[in-house]
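The structure appears below as structure tokens.
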């Protein structure tokens, strides 16, 4: 059984949240939603509020970027990738005898960019690098192995609450996380579906002013969410039961007196909605800024 216990507040918390509760128990909280829905910011707010150590927030994007970085900088790690993740830096990407045909076919659509960036014979590692840096979907088999590696590498996470941010994103990955949960004996506490409109997603992304945030790429990302991410959430809901899934409005803006957006308060509003879906009462949330005497316990889920 999973609990959250109120605990003494700390003097400073990121995003302006006063931490007054502590998570107890073990299991996975999955954070899902479209691009630019705020998964990372909400995960950070939840982590701080629940007194979770940074390593208990597993971001799929961060895990992929870290895998690429280590492979580029550490030859020993790169050499181990074949056994660990079935990604072989020495194998040619376009060699259909060494690379899955679906991967080869998809990569052919980006052949000009790949040759320009990596030279005449891009490798499987180059494709992983390109997918991560360009926001493309990493092959399911690779992402499955990487996320398993992250969990296995830090076994202590199995005895605590873990925030899994950005995985799964496809139905195949959803089936994998269900299997992984069973094999590692780590229950899935909650599937949090952070929802924003297409227009809000586009406004947030364009506000970042990143080179790859063009109207065309944003359209593709939202369509990917509709075609793949939503069905993955529905699969988890069907397998785990509707009570495990929570649809959360990720657009809860709060404004200052001068009319400007209060980002910290807006994040807090969404984080509080997630906490209530986990079983934290409104009374406890409203008392986060107040001294708490006796420790109380509330169930998650």
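It is to be established whether one or more residues within region 185-200 are in contact (Cβ under 8 Å) with a residue 24 or more places away in the chain, buried (at least 20 other Cβ atoms within 10 Å of the Cβ) and part of a helix (DSSP H, G or I). No, region 185-200 has no match at all.
Within region 48-71, being at pLDDT below 90 and not in a loop (DSSP other than H, G, I, E, B) holds for 48, 49, 54, 55, 56. For region 261-301, a residue qualifies if it is modelled with pLDDT under 75 and crowded, with 19+ Cβ neighbours inside 10 Å, and the qualifying residues are 288, 300.
Which members of region 242-259 meet the condition of being under 19 Å from residue 34 (Cα atoms) and in a strand (DSSP E or B)?
245, 246, 247, 248, 249
Only one entry in 148, 153 is surrounded by fewer than 13 Cβ atoms within 10 Å (Cβ to Cβ) and within 17 Å of residue 59 (Cβ to Cβ), namely 153. Taking helices (runs of 4 or more DSSP H) as the structural unit, those lying wholly within region 72-128 and holding at least 3 residues that are closer than 29 Å to residue 152 by Cβ, free of Cβ contacts under 8 Å to residues at least 12 places away in the same chain and under 25 Å from the mean Cα position of the chain (by Cα) correspond to 75-85. For region 145-168, the set of residues classified as out of contact with any strand residue (DSSP E or B) (no Cβ under 8 Å at 6 or more places or on another chain) and farther than 13 Å from residue 67 by Cβ consists of 152, 154, 155, 156, 158, 159, listed by residue number.
The values are calculated or read from the model by the stated rules, or taken from the named source; none is laboratory data. Treat the numbers as computed from the prediction; the structure is a model and nothing was measured. Every residue, glycine among them, receives a Cβ derived from its backbone with ideal geometry; neighbour counts consider all protein chains shown.
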